[in-house]
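The values are calculated or read from the model by the stated rules, or taken from the named source; none is laboratory data. None of the values given here were measured: they were computed from a predicted structure. Using ideal geometry, Cβ is built from the backbone for each residue, glycine included, and neighbour counts are taken over all protein chains shown.
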Amino acid sequence: MNSLKNHFLISVPHLKDPFFEKSVVYLCEHDKKGAMGLIINKAIKKNNITLKDTSSDIEFNKYLEENYLHIGGPVLTDKILFLHTNNDISKSVPISDEVSISGNIELLSSIQKSKDVKSKLFLGHAGWGSGQLEREIENGDWLIQKSSTSIIFEQEIDNIWVITTNSLGIEIGDISNTSGYS
């Protein structure tokens, strides 16, 4: 399978895992060793989270006043990561020509100062071991779609799952709630 880096994984209705039910995952990495992504359409509703004992807690708390903190996935749920549009922010890792990822909370200050940078902040991430994601796709747990920065950064999170399935020409109600072979 070719790399799915910079693609969306869209969960199908029969996927009932509490983290992944009705989820859209943006894949940040995918190779023969495994895959890593961030759930872009689930957020922690109460933004009463603060960082303690860091030099960046003021920037972090200010960011949370204006933005959701997203649930990135079930792996390393105490680690903060963020996606942002590429606008010459150093210390970030490019995923595509348009999107980068970082775990450096110090960069929030630069992002907040720039009106042109769009961003999303996450706790944790989704991860798959070698061949695991490919098996889940083969099992029919995920639909695959090329990513879109407008969906990542501009859509309301409650609409992302329906928008991505509809953009594939799929009426989500037409997908069976069971998987298997006929």
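Of everything in region 33-50 that's surrounded by fewer than 19 Cβ atoms within 10 Å (Cβ to Cβ) and either in contact with a Cys (Cβ under 6 Å, 6 or more places away or on another chain) or assigned to a loop (DSSP other than H, G, I, E, B) (or both), which residue is modelled with the highest pLDDT? That would be 33. Looking at region 8-22, which of the residues that are within 17 Å of residue 77 (Cα to Cα) and in contact (Cβ under 8 Å) with a residue 12 or more places away in the chain is surrounded by the fewest Cβ atoms within 10 Å (Cβ to Cβ)? So, considering only residues that are within 17 Å of residue 77 (Cα to Cα) and in contact (Cβ under 8 Å) with a residue 12 or more places away in the chain, the one surrounded by the fewest Cβ atoms within 10 Å (Cβ to Cβ) is 19.
Of the numbered criteria (1) among the basic types (Lys, Arg); (2) over 16 Å from the mean Cα position of the chain (by Cα); (3) at pLDDT 95 or above, the one residue 146 fails is (2).
Number of residues in region 51-101 that are at pLDDT below 95, crowded, with 20+ Cβ neighbours inside 10 Å and in a loop (DSSP other than H, G, I, E, B) equals 1.
Just so you know, in region 104-127 the residues that are farther than 24 Å from residue 27 by Cα and among the charged types (D, E, K, R) include one that is surrounded by the fewest Cβ atoms within 10 Å (Cβ to Cβ), and it is 115. Within region 102-144, the residues that satisfy the criterion of being polar (S, T, N, Q) and either assigned to a strand (DSSP E or B) or closer than 20 Å to residue 67 by Cβ (or both) are 102, 104, 109, 110, 112, 114, 119.
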